[in-house]
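Notes to accompany the following structure.
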Amino acid sequence: MLSQLYIENVAVIEEASIDFHTGLNVMTGETGAGKSIIIDAIHAIIGERTSKEMIRSGANLAHVSAMFQDINETALEKLEELGYKTEEDGSLLIQRTIRLDGKGTCKINGRPATVSTLKAIAPMLINIHGQHESYLLLSLDLHAHYIDQVGRLDTLVSQYRVSYDRMKEIQAEWKACNMDEAEKARKMDLLQYQIDELESANLKVGEQEILAEQKTKFLNHGKIVSALNMARDILSGNEEREGVVSMLSAASGALEEIEEYLPAVESILNCLREIEYGLEDLREELRDASSDLEYYPEDLEQIEQRLDLLYRLSLKYGSTEEEMLQFLQRCMEEWNQVQDSEERLERLTQEYEQAKTESIQLAAELSERRSQVAEEFTAQVKEQLRFLDMPGVDFVVSQERVPLNRCGCDKMEFFLSTNIGEPLKPMAKIASGGELSRIMLAIKTVLADKDTVDTLIFDEVDTGISGSAAQKVGQKLREASQDRQVICVTHLAQIAALADHQYQIKKSTQNGKTFTEVIWLDFEGRKQELARLIGGSQITPLTLQNAEEMLNLAREK
């Protein structure tokens with residue numbers, strides 16, 4: 001569950017730390033106080049898109065962190081799959097920073113992470129349901145997903161998709177292989193030309209680098225010879241002057257004559273001898289280097305021609321010899337494939353028919369299972385809707401056969417009639433915002449025992465409802481919180497009264513700047529806040545008495 005949320009410099013929140021608990025947690029406050037900012041911060045933690053506009057005016061960055069405890073097995077397995085693990089106490093800390101320059105960072109237990117990693121983990125930790133999420137009910141893809149989730153059909157869906165994807169891969173390969181004779185001849189001519197051109201070049205890995213070094217040496221041949229001769233003359237001497245080696249030898253000889261009279265020169269003599277021997281070795285190396293300096297203009301011309309050839313080939317087949325040789329290998333493989341296309345076509349046709357048969361069988365099995373689940377799902381959702389003061393609503397799941405696709409062979413769609421006697425119509429055409437919120441809550445209640453997520457967040461699920469319907473929604477939220485943590489943003493006293501923990505989102509102005517704080521409410525604080533929800537700005541003894549009665553009744557229940 002989400003145990004702590006820390007927010008820094010997000011919109012009007014300079015700093016806030018919220019300790020959430022098990023059960024039903026409710027957040028209330030005036031319109032515009034900042035309740036949606038907290039939900040936005042949680043969206044950032046689960047990898048949703050952010051922008052620099054989130055950063056508080058005057059700050060350079062915004063920071064959000066969330067601490068999770070008692071993480072479910074599904075989330076732990078996903079973490080391990082992604083290369084992360086919890087702390088020794090089982091906690092998980094997710095952090096996200098947004099900067100003005102557009103760059104941001106994500107961390108999981110102190111280790112760097114990507115936004116896509118957060119998105120991969122988030123569905124196992126938190127589900128957020130608000131006006132936006134309720135409108136997702138209008139997506140037909142989600143309708144099939146709910147049916148599969150209720151029926152625990154994930155394994156069968158995965159098996160089908162593996163088979164379907166394999167069928168499409170074979171089909172694409174078959175289309176690529178299926179060409180007429182003229183096209184086949186053109187393809188083979190092109191491949192043969194590329195193969196011949198590359199093979200005739202006799203490519204060797206690293207050749208361009210070696211040739212470039214040789215070219216540089218030849219272009220600077222005169223300078224190199226002159227420098228080597230000068231160095232050799234300095235060491236060995238010439239007709240005009242004595243060499244360094246000879247002079248060092250003479251110096252050593254002079255010191256040898258006085259060594260027996262002056263022992264102190266022994267170390268100097270040894271040093272001179274070492275230098276002399278070293279210089280003699282260098283003189284030999286210079287001689288070897290000079291002997292390898294034969295240069296013929298035709299050699300340079302051949303190198304330049306070879307480099308030009310390699311350059312022209314690199315423009316077509318790859319910048320390095322490795323890439324060009326890999327291109328050659330691919331050409332040869334493709335040439336063989338085109339050459340054997342008739343046999344491949346026959347083999348691919350057989351494989352495609354097998355994969356298609358398997359996909360059709362799995363799709364039929366999935367369709368049958370969905371049909372059974374849809375009946376059960378319809379009955380359960382109707383029961384929940386009746387409880388939520390929607391007794392006149394008729395709800396059915398339409399199942400229509402469609403061509404094979406990644407979801408199977410079914411088009412699953414929710415149909416609704418909001419009043420007795422009216423015909424069923426697609427949900428997207430008749431459901432209002434308040435109805436969508438309650439339908440979402442009803443569906444989530446049905447899915448409760450199939451969903452392993454520990455934290456459910458409902459953002460103003462009470463939109464468009466009041467009276468007894470609000471009371472029923474509150475009861476369903478409280479019922480859902482028995483098995484998991486529920487966090488709810490609400491404007492209704494009926495729902496807030498049923499909370500195990502209540503937080504007030506309060507906005508204030510100081511020195512010309514706006515600040516939002518989050519306050520955990522004790523019993524008296526809750527009574528004052530409920531009275532505000534009931535009576536608005538005019539809080540009377542009667543509204544306070546009513547609020548206290550609501551809290552006491554909720555406690556008894």
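The values are calculated or read from the model by the stated rules, or taken from the named source; none is laboratory data. What you see is a predicted model, and the numbers here were worked out from it, not measured in a lab. Neighbour counts run over all protein chains shown; Cβ positions are idealised from the backbone, glycine included. What goes into the accessible areas is simple: the full protein's heavy atoms, side chains included, and nothing from ligands, DNA or RNA. Shrake-Rupley method; radii C 1.70, N 1.55, O 1.52, S 1.80 Å.
Observations
- Residue list for the range 289-303, filter: in a helix (DSSP H, G or I) and open to solvent by 80 Å² or more (accessible area, probe 1.4 Å): 291, 297, 298, 301, 302
- Answer from 330, 312 - the residue that is open to solvent by 80 Å² or more (accessible area, probe 1.4 Å), under 30 Å from residue 215 (Cα atoms), part of a helix (DSSP H, G or I) and basic (Lys, Arg): 312
- Residue count for the range 413-449 under the criterion of being within 28 Å of residue 498 (Cβ to Cβ) and either among the hydroxyl-bearing types (Ser, Thr, Tyr) or at pLDDT below 70 (or both): the result is 11.
- Selection of the range 268-279 for residues being surrounded by 15 or more Cβ atoms within 10 Å (Cβ to Cβ) and of a type in the set (Asp, Glu) yields only 276.
- Where residue 383 falls short, out of the listed (1) open to solvent by 50 Å² or more (accessible area, probe 1.4 Å); (2) at negative phi; (3) touching a residue at least 24 places away in the same chain (Cβ under 8 Å); (4) not in a strand (DSSP E or B): (3)
- Test: residue 121 is modelled with pLDDT of 85 or more, under 29 Å from residue 438 (Cα atoms), of a type outside the set (Phe, Trp, Tyr) and surrounded by 15 or more Cβ atoms within 10 Å (Cβ to Cβ): yes
- Residue under evaluation residue 116, criteria (1) within 25 Å of residue 456 (Cβ to Cβ); (2) at pLDDT below 90; (3) open to solvent by 50 Å² or more (accessible area, probe 1.4 Å), criterion not met: (2)
- Residue ranges of strands (runs of 3 or more DSSP E) in the range 1-47 with at least 2 members under 25 Å from the mean Cα position of the chain (by Cα): 2-10
- Candidate set from the range 60-82 (those that are out of contact with any helix residue (DSSP H, G or I) (no Cβ under 9 Å at 6 or more places or on another chain) and either among the aromatic types (Phe, Trp, Tyr) or assigned to a loop (DSSP other than H, G, I, E, B) (or both)); member that is nearest to residue 103 (Cα to Cα): 60
- Subset of the range 169-196 [touching a Lys or Arg at 6+ places or on another chain (Cβ under 9 Å) and not hydrophobic (A, V, I, L, M, F, W, C)]: 171, 173, 194
- Evaluation of residue 275 against (1) within 30 Å of residue 219 (Cβ to Cβ); (2) modelled with pLDDT of 85 or more (one fails), failing number: (1)
- Filtered residues of the range 54-102 (kept if surrounded by fewer than 11 Cβ atoms within 10 Å (Cβ to Cβ) and at positive phi): 58, 83, 102
- The residue that is most open to solvent (accessible area, probe 1.4 Å), among those in the range 404-420 that are within 17 Å of residue 443 (Cβ to Cβ) and in contact with a His (Cβ under 9 Å, 6 or more places away or on another chain), is 413.
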